[in-house]
Amino acid sequence: MYKLMKTTVAVLAAALFMLIETRVVSGEVVTCSGMVPMVYRNDKISIADFGGVGDGQTLNTKAFREAIYRIQHLKRRGGTLLYIPSGVYLTGSFNLTSHMTLYLAKGAVIKATQDTNDWPLIAPLPSYGRGRERPGDRYVSFIHGDGLHDVIITGENGTIDGQGDVWWNMWRQRTLQFTRPNLIELMNSRNIIISNVIFKNSPFWNIHPVYCSNVVIRYVTILAPADSPNTDGIDPDSSSHVCIEDSYISTGDDLVAVKSGWDEYGIAYGRPSKFITIRRLTGSSPFAGIAVGSETSGGVENVLAEHVSLFNMGVGIHLKTNIGRGGVIRNITVSSVYMENVRKGIKIAGDVGDHPDENYNPNALPVLKNVVINNVWGEKVLQAGLIQGLKNAPFTGICLSNIHLNGATGTRNLPWKCSDVSGTASQVSPLPCSELTSTDQAGACFVPF
Ligand SMILES: *[C@@H]1O[C@H](CO)[C@@H](O)[C@H](O)[C@H]1NC(C)=O
Ligand SMILES: *[C@@H]1O[C@H](CO)[C@@H](O)[C@H](O)[C@H]1NC(C)=O
Ligand SMILES: *[C@@H]1O[C@H](CO)[C@@H](O)[C@H](O)[C@H]1NC(C)=O
């Protein structure tokens, strides 16, 4: 009870802090609603019209595939809404099509079959060269789309449930033959809205927009156990103009991780992630809250994350890359963050993540520059900050201001630790490392591109 009260107080404090910050900084609440048109569909069909049965037992793969085939081939003006009524609809993976809305009514659950033997495979992503965890092909995501536009997944907070435990166990027992499926992956697509949906127990990453543009993800809840392996929340990957806001994510891996391909494959593909906005996000995870990387070989730039509240985290803010990655990470701003009970507040490191194979180029050094982190307040932070650049590619233009990361009550936390980095710090406590020259001007961050 006491613990619950304490958590409630902390959440309220964080909410108040964010509210004040929102008002003071912008004067009005900014949203991504104008980025992708919310299309109204005159044509509506129900999964029930295609034999869908929401009894939690019947396999509805045929119903989903036929309903979407109908949308794809009848091409109704203004697109079609596929209505999923209340009930539990077990199904195998299926593909979406353009000009459709997948609408989950209140109490609707689309549940992935656990028959992993029947799960289709698709080719690896060119920017990864192989499956992310196993060589060769990979399992197709539960809900998949390639080359689409004008797709909306929404409703009344129905649930998309990946029933991932069979996959997590295969990972734990090392019996996976191919890379686990994402819950939703959209490739080469644009004008996407994902809102008012609950995502649960993804086999692997939850939402993976890759080679996409104009993607809005808002009012979503993403849940997976803290010990579920690699259940990242949202991974914008080689994508631009992605806006994530007003969401709650609690999973077993990074809440949001901006990526752009893996070593020599990502370098050759050369598709960056840029103009990524993340705001009003709350969550918890044993890994990172706001992450960039570690797969950043196509480059990551123009990222803004603000008004973020993190509880019981491994790392609050984590920028990560590695030798062999190449790629330029620049113009990253993280602002107005509250974090509580966190192992590391801020970590920026050049030695994170593995390589796809032995053919990566050890001379392909990543560039990381012009990172602004300001207005961060933390309680029960074990270590405030760790910044480790690369000897032959030091991180530059790291600008920290107004950052206060406190240890547990009555204890002093571990000091900052830095190497191969340059930048500035103002109003940072505990005192940051000497590599970051201190300035008196609060918030004075001149960020050349
Ligand atoms: C779904 O799309 C993938 C890749 O785009 C394709 O390989 C697969 O055949 C499609 N599946 C169905 C059932 O249409
Ligand atoms: C769905 O959840 C969001 C929060 O993610 C909330 O703002 C919204 O009111 C809910 N909608 C319904 C219909 O329950
Ligand atoms: C840096 O990124 C922000 C988006 O986060 C963008 O608005 C701004 O124009 C970028 N700055 C430069 C110099 O490109």
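Can you tell me which condition D246 does not meet? The list is (1) farther than 23 Å from V29 by Cα; (2) assigned by TED's automatic domain parsing to the domain that holds I234, and all the others hold.
Just one mismatch for D246, condition (1).
Is there a residue being aromatic (F, W, Y) and within 15 Å of ligand 1 (Cβ to nearest atom) anywhere in region 118-125?
Within region 118-125, one or more residues are aromatic (F, W, Y) and within 15 Å of ligand 1 (Cβ to nearest atom).
Filter region 141-159 down to the residues that are under 18 Å from the mean Cα position of the chain (by Cα) and in a loop (DSSP other than H, G, I, E, B), then identify the one that is farthest from ligand 3 (Cβ to nearest atom).
If we take residues in region 141-159 being under 18 Å from the mean Cα position of the chain (by Cα) and in a loop (DSSP other than H, G, I, E, B), then F142 is farthest from ligand 3 (Cβ to nearest atom).
Against the conditions (1) surrounded by 24 or more Cβ atoms within 10 Å (Cβ to Cβ); (2) part of a strand (DSSP E or B), where does G266 fall short? Just the number, please.
(2)
Which of the residues that make up region 397-433 are hydroxyl-bearing (S, T, Y), surrounded by fewer than 17 Cβ atoms within 10 Å (Cβ to Cβ) and part of a strand (DSSP E or B)?
Passing the criteria: S419, S422, S429.
Could you tell me which numbered condition F50 fails, if it satisfies all but one of (1) aromatic (F, W, Y); (2) over 30 Å from T101 (Cα atoms); (3) at pLDDT 95 or above?
(2)
State whether the residues of region 352-365 include one that is in contact (Cβ under 8 Å) with a residue 24 or more places away in the chain and in a strand (DSSP E or B).
Scanning region 352-365 turns up no residue that is in contact (Cβ under 8 Å) with a residue 24 or more places away in the chain and in a strand (DSSP E or B).
Test of understanding: among V197, V258, which residue is in a strand (DSSP E or B), farther than 20 Å from L102 by Cβ and in contact (Cβ under 8 Å) with a residue 40 or more places away in the chain? Break it down into steps so the answer makes sense when it comes.
Working: V197 fails: farther than 20 Å from L102 by Cβ.
Step by step, each of V197, V258 is checked, and only V258 is in a strand (DSSP E or B), farther than 20 Å from L102 by Cβ and in contact (Cβ under 8 Å) with a residue 40 or more places away in the chain.
Which residue pairs have Cβ atoms under 7 Å apart, sit 6 or more places apart or on different chains, and have a first residue in region 135-159 that is in the same structural domain as E358 (by TED's automatic domain parsing) and a second that is at pLDDT 95 or above and surrounded by fewer than 16 Cβ atoms within 10 Å (Cβ to Cβ)?
Nothing qualifies.
Could you tell me whether any residue of region 371-384 is in contact (Cβ under 8 Å) with a residue 60 or more places away in the chain, surrounded by fewer than 24 Cβ atoms within 10 Å (Cβ to Cβ) and in contact with a Lys or Arg (Cβ under 9 Å, 6 or more places away or on another chain)?
No, because not a single residue in region 371-384 is in contact (Cβ under 8 Å) with a residue 60 or more places away in the chain, surrounded by fewer than 24 Cβ atoms within 10 Å (Cβ to Cβ) and in contact with a Lys or Arg (Cβ under 9 Å, 6 or more places away or on another chain).
Name the single residue that is nearest to Y211 (Cα to Cα) among those in region 228-263 being open to solvent by 10 Å² or more (accessible area, probe 1.4 Å) and within 16 Å of ligand 3 (Cβ to nearest atom).
If we take residues in region 228-263 being open to solvent by 10 Å² or more (accessible area, probe 1.4 Å) and within 16 Å of ligand 3 (Cβ to nearest atom), then S240 is nearest to Y211 (Cα to Cα).
Keeping to region 89-111, report how many residues are within 14 Å of ligand 1 (Cβ to nearest atom), assigned to a strand (DSSP E or B) and among the β-branched types (V, I, T).
Adding up the residues that qualify gives 1.
The values are calculated or read from the model by the stated rules, or taken from the named source; none is laboratory data. Computed from a predicted model, the values in this text were never measured in an experiment. Reconstructed Cβ throughout: ideal geometry from the backbone, glycine too, with neighbour counts over all protein chains shown. Accessible surface areas use protein heavy atoms only, side chains included; no ligands, DNA or RNA. Shrake-Rupley method; radii C 1.70, N 1.55, O 1.52, S 1.80 Å.
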